[in-house]
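The structure under discussion appears below in the form of structure tokens.
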Amino acid sequence: GAGVSQSPSNKVTEKGKDVELRCDPISGHTALYWYRQSLGQGLEFLIYFQGNSAPDKSGLPSDRFSAERTGGSVSTLTIQRTQQEDSAVYLCASSTDQGNNSPLHFGNGTRLTVT
Amino acid sequence: TQLLEQSPQFLSIQEGENLTVYCNSSSVFSSLQWYRQEPGEGPVLLVTVVTGGEVKKLKRLTFQFGDARKDSSLHITAAQPGDTGLYLCAGASAGSNYKLTFGKGTLLTVNP
């Protein structure tokens, strides 16, 4: 079946502009995650959605970052007034969230470059 | 803050050689996952280990979870060029099992 789909695959933006990144999870997966992968760094947790529960936003690095998930499916990550340090690969993952053994299925990411 | 230290950071070997990658922490994890990531793609899960001392084998790959559930290793026997990639370990804590802590990864290159 179809995997996690992210768009765009690449995004180049000017400093100060807003960007929206989109994630289509695997159908039926109730849990959705956003991670950020910077060069030479590990994956950094950003936000977690599970069903209708309040999302865990504890990983968002600043108030310029926000995310929503509409209808329990598609999610968008918005970065306002982008800065050069926001340049990274943004990865979305989904899972069935049946405990800590649920594997995360990752998309191929959006590579964001802020110039 | 929980940290996972992976070593080595980079590894370049010849086809047919054996190698071991390490993932260490001072924190206890309820489970630990290993992922492999290729350029331009997202990480793909290889294995999950849950029990201290557990050993899992996946063809030429052997994964071990430390007795104290603070460390793990990945051993590859007779490496092949297709094994090339970034290997990531990720730990889940009992308090928030959905929030994985990732190591920075080991970039493995297997030369033919």
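The values are calculated or read from the model by the stated rules, or taken from the named source; none is laboratory data. It should be emphasised that the depicted structure is a prediction, and the values quoted were computed from it without experimental measurement. Positions of Cβ are backbone-derived with ideal geometry, glycine not excepted, and every protein chain shown enters the neighbour counts. Side chains are part of the model used for accessible areas, which takes the heavy atoms of the whole protein and leaves out ligands, DNA and RNA. Shrake-Rupley method; radii C 1.70, N 1.55, O 1.52, S 1.80 Å.
Some values worked out for this structure:
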quantity	calculated
Surface per residue (accessible, 1.4 Å probe) for chain A, Å²	48 Å²
Relative contact order for chain B, counting Cα pairs under 8 Å that sit 6 or more residues apart, in percent	36 percent
Extension reserve of the B:GLU17-B:LEU107 stretch, reckoned as 0.36 nm per residue once the Cα distance is removed	30.8 nm
Test item: B:39-50 mean partner chain Cβ contacts at 10 Å	5
For the range A:5-98, Kirkwood radius (reciprocal of mean inverse C-alpha pair distance, Å)	13.6 Å
Of the GluC sites (Glu not before Pro) in the range B:1-74, those whose Cβ has at most 16 other Cβ within 10 Å and which sit in DSSP loop	B:GLU15, B:GLU17, B:GLU41
Accessible area that becomes buried as B packs against A, both chains, 1.4 Å probe, Å², nearest 100	1700 Å²
Distance histogram for the range B:9-111 (every C-alpha pair counted, 5 angstrom bins, percent rounded to whole numbers)	3, 13, 24, 25, 19, 10, 4, 1, 0
Estimated distance in nm for a label pair at B:LYS56 and A:GLN84, the labels positioned 7 Å out from Cα along Cα-to-Cβ	4.2 nm
Cβ-based net charge around B:ALA79, under 10 Å, with every Lys or Arg adding one and every Asp or Glu removing one	-2
Rounded if a/c under 1.5, otherwise prolate or oblate - the protein assembly as shown, Cα gyration tensor axes	prolate
Among A:VAL89, A:GLY28, A:VAL74 the positive-end extreme of the charge dipole of chain A (Cβ point charges)	A:VAL89
Cα centroid of the range A:82-96 to Cα centroid of the range A:1-47, whole Å	5 Å
